[in-house]
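Since the structure comes first, as structure tokens, the remarks are kept for the end.
The values are calculated or read from the model by the stated rules, or taken from the named source; none is laboratory data. All figures in this text were calculated on a predicted structure; none of them were measured in a lab. We place every Cβ from the backbone using ideal geometry, glycine too, and count neighbours over all the protein chains shown.
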Amino acid sequence: MDTFTETGPLPTAALKDGFLSDQFGRVFNYLRIAVNEQCNLRCVYCMPPGGVDFQPKKELLTTREINRIVRVASTIGITKIRFTGGEPLLHPQIASIVRAAVGTPGIEEVHLTTNGLLLPEKAEALKLAGLHGINISLDTLDDSRFRTITRKTGLLRVLEGMESALELGFPSVKINMVAMRGFNDDEITNFVELTKQHPVTVRFIELMPFDSHQIWKTGKFYQAEHLIADLTTLYPELTPVDGSSTEHHVFRLPGYPGKIAVIPAYSRNLCSGCTRVRLTADGYIRNCLYSHREYNLRQVLRNGGDDREIANLFKTAMWHKLEDGWEAQRRGEEHRESMTQIGG
Ligand code: SAM
Ligand code: SF4
């Protein structure tokens, strides 16, 4: 794999205002951290039935390392953190990691993406820790399909987890649905109706080729543009509204408390407004989901690097971000087998 640890001098522009920026004028304030690789599901578009080659614990960032990274990131303009994985709720210290991030000066929002299975028992601790938002990944409302897609059971627990999150009053609860042709595309209206019953944002997400190409090649891709066209046909009264800074195609139906969003995760037509930095569970910075060039932050930490060196590796990584995800993909072969190693 291409990895880099260089922390040498950067062009003055890269240090502009002490923020993370790149050569295309983008400024990055949103850090997504994978806290583990292990998962209690085996979603067909994410990993094979036996899982992937999960790395030993010593190769993954420790809680102390994650807390330190959040603190340093907050000094270079990161204001929003998302914890992901693997399945972050399997991490024994997830509530304490969230609490530390919430208490870090400069961090304004802390979110988490989960498959929801463990939410019924963990939601309260996360609320007490100060978590602002939960994204729950759920691709079907049908029990037998849930078993096909995740290769496990648990739909009712995920729905219970969503109810717990809503009852506890998290400021943001979203449902991530990877929309796939001939798989769950007939459930679009059922998911839209969730926004009538609950103040949730349902996000329809394009399938991406991050699964060692098992599902990607089987014609299931449902393009965002087509999703928007189909939604507009099904619901002519759909009205565009503002979403969060990372959402662009957001809609609402009159009288429905929730919102509907479409995320062109594969089409990549929103790269010019990207604000994201990613950190893999084994401590590599990825400046783009589609980039194969990674920056080894774990090595900097474990070689005794100081805060300035950590900040400089972030600055270097982001300064070298390519213009868009297409260009990043053109530059080389993906070496990671699954999204569970990158965090989504
Ligand atoms: N386990 C947690 C979960 O499922 O929410 C967090 C990690 S998971 C890798 C993060 C997100 O990536 C999930 O919403 C999942 O649906 C999405 N994802 C995984 N593989 C994908 C793929 N090939 N295409 C599109 N989304 C994918
Ligand atoms: Fe696990 Fe999330 Fe991958 Fe599904 S998408 S297998 S829940 S990491």
Considering only region 137-184, state which residues are within 13 Å of ligand 1 (Cβ to nearest atom) and among the polar types (S, T, N, Q).
137, 140, 150, 176, 184
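Do we have any residue at all in region 45-64 that's under 20 Å from residue 150 (Cα atoms), surrounded by 22 or more Cβ atoms within 10 Å (Cβ to Cβ), modelled with pLDDT under 95 and not aliphatic (A, V, I, L, M)?
Checked against the condition, which is being under 20 Å from residue 150 (Cα atoms), surrounded by 22 or more Cβ atoms within 10 Å (Cβ to Cβ), modelled with pLDDT under 95 and not aliphatic (A, V, I, L, M), region 45-64 yields at least one hit.
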How many residues does region 157-179 contain that are more than 16 Å from ligand 2 (Cβ to nearest atom) and in contact (Cβ under 8 Å) with a residue 12 or more places away in the chain?
10
Residues (within 16 Å of ligand 2 (Cβ to nearest atom) and at pLDDT below 75) located in region 317-340:
334, 336, 337, 338
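Report those strands (runs of 3 or more DSSP E) wholly inside region 220-314 carrying at least 1 residues which are more than 22 Å from the chain's Cα centre (by Cα). Working first, answer last.
Working: elements: 249-252, 259-263, 276-279, 284-286, 294-296.
Strands (runs of 3 or more DSSP E) meeting the threshold: 249-252.
Specify the residue that is nearest to ligand 2 (Cβ to nearest atom); the eligible residues are those in region 41-69 that are among the basic types (Lys, Arg) and assigned to a helix (DSSP H, G or I). Working first, answer last.
From region 41-69, those among the basic types (Lys, Arg) are 42, 57-58, 64, 68; that's our starting set.
Add one more test, that the residue is assigned to a helix (DSSP H, G or I), and what stays is 57-58, 64, 68.
Numbers: 57: 17, 58: 21, 64: 24, 68: 25 Å.
Within region 41-69, the match that is nearest to ligand 2 (Cβ to nearest atom) is 57.
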In the set 286, 278, 331, which member is within 16 Å of ligand 1 (Cβ to nearest atom), farther than 27 Å from residue 162 by Cα and of a type in the set (D, E, K, R)?
286
Restricting attention to region 87-111, which residues are within 12 Å of ligand 2 (Cβ to nearest atom) and either under 24 Å from residue 26 (Cα atoms) or surrounded by fewer than 24 Cβ atoms within 10 Å (Cβ to Cβ) (or both)?
87, 90
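If you scan region 150-202, which residues turn out to be acidic (Asp, Glu) and touching a Pro at 6+ places or on another chain (Cβ under 9 Å)?
Residues of region 150-202 that are acidic (Asp, Glu), as a first pass: 160, 163, 167, 185-187, 193.
Result: 160, 163.
Of all residues in region 70-86, how many are within 16 Å of ligand 1 (Cβ to nearest atom) and either surrounded by fewer than 21 Cβ atoms within 10 Å (Cβ to Cβ) or not in a loop (DSSP other than H, G, I, E, B) (or both)?
4
Condition check ((1) assigned to a helix (DSSP H, G or I); (2) closer than 22 Å to residue 342 by Cβ) across all residues:
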position	(1), (2)
100	yes, no
112	no, yes
121	yes, no
125	yes, no
130	no, no
List, please: which pairs have Cβ atoms under 6 Å, are six or more places apart or on different chains, and start with a residue in region 24-44 that is within 24 Å of residue 80 (Cβ to Cβ) and end with one that is surrounded by fewer than 21 Cβ atoms within 10 Å (Cβ to Cβ) and β-branched (Val, Ile, Thr)?
28/275; 29/79; 29/275; 30/275
